[in-house]
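Each value in this text was obtained by applying a stated rule to the coordinates, not by laboratory testing. Every value quoted in this text rests on a predicted model; they were computed, and no experiment measured them. Glycine also receives a Cβ, built like all others from the backbone with ideal geometry; neighbour counts cover every protein chain displayed.
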């Protein structure tokens, strides 16, 4: 973070404050590696709160310079006219992801909106605020494709997909995540949107020990898989994702869909396409969802990969998948081999 890099950040922040969106958005995505020296900085607009995340510890003098820049922002006409009231700096590289208020008062919670839906976020108490902004188009897709369907939301976290599914008219949603506190926040998010909790199930279990319960609550018309890259003691993406894929045919109704996601910058879309062809050949690749433009990456496969698959089935045998389903088309862009890219925290 030399002087030139900080000048670039300052320019972006002033431009962003002059044209703030009505809803929560990423304003600066340094982790897309398009601005040298700023690869470990992101800035999010949380509708009154500007959240700056620092993913790698800088030198002491660099941190001081960054803080001076951010504090000075509060003295500018752009800040005063923006409606912003608080600027938080979160040190994501620290074990407790400590957060400090550089402008305004510290704030621990706030309700934000996305696509007309409301979510309760945390600031300063946890590594992640409670909503992954790069998945905005994924939630939009689920909302548009959930009408009348039974939905299984794996690695549900705070149930953003579930909120979107019910908003789209889903008949029933099953949320599974071993983090029960996150599921509790998911209940809060449903209540914020005046949604019927009788149409939602919350399973605070480890997935690989709960297949029987998951299967009993099915079958499903839509399954969402959005796992972490690594979860100590329970999930390692490159080893365990295939175990989920091979279970999909027995969980899906005939013609059911899957939204399968990976957010490891070192793993390309072909990881999912090839894995599905190998483990669940009845599911054919349909499309890869675009990422929001504010998450542009220097490499097309460096950001989120959210792929849609649909299960073919044998005519006359409802709910059974065809073993002769063709190999799915390759996802674009092509990126079959693992690239070595530094990752300091799993999700940005």
Worksheet item: Between residue 63 and residue 109, what is the spin-label point distance in nm, taking each point 7 Å from the Cα along the Cα→C-beta axis?
Response: 3.0
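What FRET efficiency do you get for residue 242 and residue 286 if R0 is 22 Å and r is their Cβ-Cβ distance, rounded to the nearest 0.05? Please list the in-between numbers first.
Working: r = 20 Å, r/R0 = 0.90.
FRET efficiency, residue 242 to residue 286: 0.65.
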Worksheet entry | Over the chain, relative contact order from alpha-carbon pairs under 8 Å, at least 6 apart, % | 13
Fill in: Gaussian network model of the chain, Cα within-10 Å springs - most flexible of 300, 19, 179
19
Worksheet entry | Alpha-carbon spread of the stretch 59-104, three principal axes, descending order, Å | 35, 21, 11
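Which of the peptides 112-119, 53-60 is most tightly packed, and how do the rest follow, going by the mean number of other Cβ atoms within 10 Å of each residue? Don't jump to the answer; show the numbers that get you there.
Values: 112-119: 17.4, 53-60: 15.9.
Descending packing order for the listed peptides: 112-119, 53-60.
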Discussion item. Please report the equivalent ellipsoid semi-axes of the stretch 133-311, computed as sqrt(5 x eigenvalue) of the Cα gyration tensor, largest first, in whole Å.
Written reply: 23, 19, 17
Fill in: Extension gain (nm, one decimal) between residue 298 and residue 34, 0.36 nm per residue minus Cα-Cα
94.5 nm
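With an 8 Å Cα cut-off and a minimum separation of 6 or more residues, compute the relative contact order for the stretch 133-311 in percent. Please report the intermediate quantities before stating the final value.
Details: 346 pairs, mean separation 36.8, N = 179.
With pairs under 8 Å counted, the relative contact order is 21 percent.
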Item to complete: Would you mind checking the tilt of helix 3-18 against the longest principal axis of the Cα atoms of the chain, expressed as 0 to 90 degrees and rounded to 10?
Response: 70
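Roughly what % of DSSP beta bridges within the chain run antiparallel, to the nearest 5? Provide the component values of the computation, followed by the final result.
Details: 33 of 57 bridges.
Bridges in the chain are about 60 percent antiparallel.
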Worksheet item: Sorted from fewest to most neighbouring beta carbons within 10 Å, what does the list 159, 261 look like?
Response: 261, 159
Worksheet entry | Added length on full extension, which subtracts the Cα-Cα distance from 0.36 nm per residue, residue 96 to residue 22 | 23.6 nm
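Once fully extended, how much extra length lies between residue 192 and residue 208, figured as 0.36 nm per residue of separation less the alpha-carbon to alpha-carbon distance?
So the chain would gain 2.7 nm between residue 192 and residue 208.
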Worksheet item: In percent, how large is the relative contact order of the stretch 38-134, given Cα pairs closer than 8 Å and 6 or more residues apart?
Response: 22
Worksheet item: If one takes the longest principal axis of the Cα atoms in the chain, at what angle in degrees, from 0 to 90 and to the nearest 10, does the Cα axis of helix 270-279 lie?
Response: 20
Response to the item:
DSSP beta bridges in the stretch 3-122: the antiparallel percent, rounded to 5, is 75
